[in-house]
Amino acid sequence: QGTVWNRAITDDVAQASALGARLPGAVVTATQGAATVATATARDGDAYWALDLPPGSYTLTATLDGFAPSTRSHDVAAGDSSWNSLGMAPVDDAVAVRVVVVDAVTTAPLPLATVQFGIDEPLVVDAVGQVTTSLPPGAVTVVARAEGYVPRSEEHTLVAGVPLELSLRLDAESVPPVDEPPPDDDGLQRLVIRNAPGVRATGGCSCDARGANADAAAFAVALLGVAAGRRRRRR
């Protein structure tokens, strides 16, 4: 649902009624790809229209003699009652705008990108990464976005009768380096036990860390026993 208004009078839909900028009689069509799903005509007076659409993604287009078509994209959810008003520019003033969104390195089109003109709802690009629309003359901010890419914004001044074609190249978001984890501990530690008195050999072993203390103690006791036996034999 929404209204249709004349953007040559105001860019602000909230001011359209007070300024007499509503456009009754405009036809609003909801499409999915090449298929037309539903249509509605903006009623007399306030140019209000409404469509009953099942959940899904749609392109809404307003048409009216003497005005350039106006489009916007909208995702309908169950129970959705959001507003999607459409502003139109007279043919004499309308500026045809074409924007292509591509990868900055490969120049491949980004089919899931969106392009936003000023405060309008973003438009989803088609399969070749482009959107086309008509806008009234004047300054406009064009913002392109795509998942995994850095948004790009450009300011342009639209001149009546002069088409605008843009190629917006988006840089992929940089991936922060992943810190290398420390080398895995193999669970082993080396124990070196000094010679017990009278014993020439040096004992050493690589033991599982969990049993290291017990093994070291047993080894030390064994060495001390050997040393004690040797001392008794010397006597």
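Restricting T29, T106, T41, T61 to residues that are in contact (Cβ under 8 Å) with a residue 12 or more places away in the chain, among the polar types (S, T, N, Q) and within 29 Å of E154 (Cα to Cα) narrows the list to T61. Restricting attention to the stretch 44-58, the residues that are under 30 Å from A160 (Cβ atoms), in a loop (DSSP other than H, G, I, E, B) and in contact (Cβ under 8 Å) with a residue 40 or more places away in the chain add up to 2.
For the subset of the stretch 17-37 comprising residues that are loosely packed, with under 14 Cβ neighbours inside 10 Å and either assigned to a loop (DSSP other than H, G, I, E, B) or small (G, A, S) (or both), which member is nearest to the chain's Cα centre (by Cα)? Per the criteria, the residue is G33.
Set side by side, the residues A40, A14, A78, A8 differ, and just one is among the small types (G, A, S), part of a loop (DSSP other than H, G, I, E, B) and farther than 25 Å from R98 by Cα, which is A78. Of all the numbered requirements in (1) surrounded by 17 or more Cβ atoms within 10 Å (Cβ to Cβ); (2) more than 21 Å from V13 (Cα to Cα), A68 misses one, and that requirement is (2). Answer yes if at least one residue in the stretch 117-125 is of a type in the set (D, E, K, R) and farther than 27 Å from T3 by Cβ, and no otherwise. No; the residues of the stretch 117-125 include none that is of a type in the set (D, E, K, R) and farther than 27 Å from T3 by Cβ. Any residue at all in the stretch 69-78 that is farther than 24 Å from T157 by Cα and in contact (Cβ under 8 Å) with a residue 40 or more places away in the chain? Yes, the stretch 69-78 has at least one match. One residue alone among T141, T157, T106 is at pLDDT 90 or above, of a type in the set (S, T, N, Q) and in a loop (DSSP other than H, G, I, E, B), and that residue is T106.
The values are calculated or read from the model by the stated rules, or taken from the named source; none is laboratory data. The structure presented is a predicted model; accordingly, all values stated were derived computationally and were not measured. Please note: Cβ atoms are built from the backbone with ideal geometry, for glycine as well, and neighbour counts cover all protein chains shown.
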